[in-house]
1. From the backbone phi of the range 108-125, what are the Karplus-calculated ³J(HN,Hα) couplings (6.51 cos²θ - 1.76 cosθ + 1.60, θ = phi - 60°) in whole Hz, Gly and Pro given as x?
2. Considering only protein heavy atoms and a 1.4 Å probe, what is the carbon-and-sulfur percentage of the accessible area of the range 94-150?
3. State in Å² the accessible area per residue of the range 100-150; use a 1.4 Å probe, count heavy atoms of protein chains only, and round to the nearest integer.
4. Using the structure shown, select from 15/117; 13/265; 117/259 the pairs with a Cα to Cα distance greater than 19 angstrom.
5. Under 20 Å from a point placed 7 Å out from the Cα of residue 244 along the Cα-to-Cβ direction: which residues of the range 146-165 have their backbone N that close?
6. Be a star and scan the range 146-179 for residues whose amide nitrogen sits under 14 Å from the point 7 Å along the Cα-to-Cβ vector of residue 267.
Amino acid sequence: MDTCGYLQEELEKVKKWENEQKDLWFWEKLGRIPFTLLDRITPAFIHEKIGQALDEVGSYIQTGGRYLISEREVLARFPMQSSNGSVLREVLQIGDVAERPLQDMDKVAEELQNSRKKIAIFQGATTGIGGIFTLAVDIPALLGLSLKVLQEIAIAYGYDPKEREERLFIVKCMQFASSDVVGKQAIIDELSAYEEGQKNTQTLSQLQGWREVVLAYRDNFGWKKLFQIVPIAGIVFGAYLNKSTIENVAETGMMLYRKRRIMEKLTHASPEPGQEV
């Protein structure tokens, strides 16, 4: 079982990560500027495809749509034995995950991150072949892959993406990954209710602006996606950029979901001798 001391130490690591998000590289601050130029030279049919992707993400929030995944593959990744060799009960439901050690959850989440990065590399290289004409395929595909890995990470920490509140949280994770310093702080404040286990109406209302979330996510491609317009050369840029995007999204999901799970474990944990929780 996770001790209170261990959980407190891990919580401090997450808070340190949150503070580090306040420092952006100079090129990240300028990242959205070239996308304005890209919008002007992008054919209308590409804008139409992107608009369809936005509608699909809206459908995902409401019903799950075609992006909703099965939890079976994620649950199968959990070990059948504990670190001391004792046999654990087979995980059949997402609710069982909450009782597993935090280290098991972290291990599964890291495996998922590494697996999805490989898919992102292949996807980015493939869509980079055709330059601007395959960019219309790449952006919706990358959005879909981001939603997939965040749902898998949610399951890895014992949260069910079939619940509408969790889907809203997932889209908010996407927004956090692509926001500036001010935006990140605002999102952390909005998600505080989730971290405390309080899914109140006000927070859900703040999360309804999904269209702005996805537009901000798209804009974050900025000058990085501008390089992918060049045919053939886009293979290299596409592979690298898609990998870094999924890596960033997955890290955000792991940290934010990890924080929620740690805080819930601390709430139900018994204090160690001489220690207050």
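1. Values per residue, Gly and Pro as x: 5, 4, 5, 4, 5, 4, 5, 5, 6, 5, 5, 5, 5, 4, 5, 5, x, 5 Hz.
2. Whole-percent figure for carbon plus sulfur exposure: 64.
3. Heavy-atom accessible area per residue stands at 36 Å².
4. Table pairs above 19 Å Cα-Cα are 15/117; 117/259.
5. 146-147
6. Those under the cut-off are 159.
The values are calculated or read from the model by the stated rules, or taken from the named source; none is laboratory data. All figures in this text were calculated on a predicted structure; none of them were measured in a lab. Positions of Cβ are generated from backbone atoms using ideal geometry, with glycine treated the same way; all protein chains shown enter the neighbour counts. Protein only, heavy atoms only, side chains kept; ligands, DNA and RNA dropped before computing areas. Shrake-Rupley method; radii C 1.70, N 1.55, O 1.52, S 1.80 Å.
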